[in-house]
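Novice: Next up is a structure, given as structure tokens.
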Amino acid sequence: MKTFLALMAGAVVALSAHGASAQTLKTVKDRGELICGVSRGLPGFSAPDAKGAWSGFDVDYCRAVAAAVLNDPTKVKFVPLSADERFPALQNGSIDLLSRNSTWTLEREAKQNLLFSAITYYDGQGFLVPNARNVLSALELDGSKVCVQSGTTAVGYTEDFFKTNNMKLELVTVPTSDELVKAYEDGRCNAITTDVSQLYALRLVTKKPTDHIVLPDVISKEPLGPVVRQGDDQWFNVVKWTHYAMVNAEELGVTKANADEALKSQKPDVKRLVGTDGNYGEQLGLTKDFAVRIVKAVGNYGEVFERNVGTGSKLGIPRGINQLWSVGGIQYAPPLR
């Protein structure tokens, strides 16, 4: 009898877990809209134009998930969040997904019950300074007043870097990225520190971008990516494989322009990607063609990178280690099979 009851109890737990795992996906499908948390305005990553239309690298990931789940990349409600607001909004269910230049750390997963679905952008923390300071390295910043945004990993890394190198530091903490630039231009600090990608974006909104330089030093690892709540394995997999589908698409040469032609391909890897062979999308709770929906909506990973932040964009960031593994970078996706 005890064995039977134990088996029954295990079955109930398994059924409950399965039900919980499908919660967010079902909610989004029933609502007909994805609620996605983004930054309050970071050029190249997530920023609204004068008419309120959002664009950027992180925004495209929201649209990619909407394309995979709802077959419509426009079915997204963007919720602008500060660094301090972003994780509570995800934890309390105000948003379905956080796509907001957030760093994957142990504490954020273990203590805050979050899951980073993938690394969409390999970054690191750096420094922005005025050209007039004639500084060529972060090791020359002894005695600097450094502006940093509260609620970010940059606070601790900055303190560690200055302490390790026996340099004096005056840390000026502000709540938003807009205030980073304001405090810097008002003279409250003579350097800004945050992720290098964000420094390129912040430099664009200074009064004279060419008067400022992003130093070459990188003082931390900042793996950035979309975040979901723990306890929802199916949703976690949907968001994770949205990224991996985009990376695999680039590797296979499937682009926004040739996606329809790819549907006719006889190459096994391409057929699996676009859904003409196998039922991989259905295993995620989506449709067979989920990956080609994504590529048609926003493009493959390389297209999203170059359009928003790459050398052809206003930010002009070299792709560097965010290149595919096959051409010297470290972007690498598990096979879709």
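The values are calculated or read from the model by the stated rules, or taken from the named source; none is laboratory data. None of these values were measured; they are calculated from a predicted model. Cβ sites come from the backbone with ideal geometry, for glycine too, and all protein chains shown count toward neighbours. The area values use the complete protein model at the heavy-atom level, side chains included, leaving out ligands, DNA and RNA. Shrake-Rupley method; radii C 1.70, N 1.55, O 1.52, S 1.80 Å.
Novice: Between a residue in region 45-69 that is open to solvent by 20 Å² or more (accessible area, probe 1.4 Å) and any residue that is among the aromatic types (Phe, Trp, Tyr), which pairs come within a Cβ distance under 8 Å, given they are 6 or more apart or on different chains?
Specialist: Ala47/Trp54; Pro48/Trp54; Pro48/Phe78; Trp54/Phe78
Novice: Taking Lys145 as the residue in question, decide whether it is part of a helix (DSSP H, G or I) and either open to solvent by 40 Å² or more (accessible area, probe 1.4 Å) or under 23 Å from Asn308 (Cβ atoms) (or both).
Specialist: no
Novice: While we're looking at this one, here's another question. Go over the candidates Gly278, Gly328, Gly310, Gly320 one by one and state the one that is open to solvent by less than 20 Å² (accessible area, probe 1.4 Å) and not hydrophobic (A, V, I, L, M, F, W, C).
Specialist: Gly310
Novice: Another question about this same structure. Which numbered condition in (1) assigned to a strand (DSSP E or B); (2) out of contact with any Lys or Arg (no Cβ under 6 Å at 6 or more places or on another chain) is the only one that Glu170 fails?
Specialist: Status for Glu170: all satisfied but (2).
Novice: Can I ask one more? Yes or no: Val196 out of contact with any helix residue (DSSP H, G or I) (no Cβ under 9 Å at 6 or more places or on another chain), open to solvent by 10 Å² or more (accessible area, probe 1.4 Å), at negative phi and hydrophobic (A, V, I, L, M, F, W, C)?
Specialist: Answer is yes for this residue.
Novice: Any residue that is open to solvent by less than 40 Å² (accessible area, probe 1.4 Å), closer than 15 Å to Pro334 by Cβ and in contact with a Ser or Thr (Cβ under 8 Å, 6 or more places away or on another chain) - is there at least one of those in region 228-235?
Specialist: The answer is no, given that none of the residues of region 228-235 is open to solvent by less than 40 Å² (accessible area, probe 1.4 Å), closer than 15 Å to Pro334 by Cβ and in contact with a Ser or Thr (Cβ under 8 Å, 6 or more places away or on another chain).
Novice: Which numbered condition trips up Asp178, out of (1) in contact with a Cys (Cβ under 9 Å, 6 or more places away or on another chain); (2) open to solvent by 40 Å² or more (accessible area, probe 1.4 Å)?
Specialist: (1)
Novice: Here are some residues: Lys168, Lys163. Which one is touching a Gly at 6+ places or on another chain (Cβ under 6 Å) and open to solvent by 70 Å² or more (accessible area, probe 1.4 Å)?
Specialist: Lys168
Novice: Exactly one condition in (1) assigned to a loop (DSSP other than H, G, I, E, B); (2) open to solvent by less than 20 Å² (accessible area, probe 1.4 Å); (3) not acidic (Asp, Glu) is false for Thr158; which is it?
Specialist: It fails just one condition, (1).
Novice: Also, quick follow-up: Just one of (1) assigned to a helix (DSSP H, G or I); (2) modelled with pLDDT of 50 or more; (3) among the hydrophobic types (A, V, I, L, M, F, W, C) trips up Cys36, so point out which.
Specialist: Answer for Cys36: the failing condition is (1).
Novice: Related question: If the Cβ limit is 7 Å and pairs must be 6+ apart or interchain, which residue in region 133-147 that is closer than 16 Å to Ile213 by Cα pairs with which residue that is in a helix (DSSP H, G or I) and modelled with pLDDT under 95?
Specialist: Sorted first by the residue in region 133-147, then by its partner, the pairs are Cys147/Leu180.
Novice: Out of Asn113, Asn92, report the one residue that is open to solvent by 20 Å² or more (accessible area, probe 1.4 Å) and out of contact with any strand residue (DSSP E or B) (no Cβ under 9 Å at 6 or more places or on another chain).
Specialist: When all the criteria are applied, what remains is Asn92.
Novice: Let me ask something else about it. Got a sec? Which helices (runs of 4 or more DSSP H) wholly within region 263-337 have at least 2 residues that are under 20 Å from the mean Cα position of the chain (by Cα)?
Specialist: Ranges flagged: 290-298, 301-308.
Novice: Same structure, new question: I'm trying to understand the selection: among the residues of region 215-246, which are more than 21 Å from Ser39 (Cα to Cα) and among the β-branched types (Val, Ile, Thr)?
Specialist: Once the filter is applied, which keeps residues that are more than 21 Å from Ser39 (Cα to Cα) and among the β-branched types (Val, Ile, Thr), region 215-246 yields Val218, Ile219, Val238.
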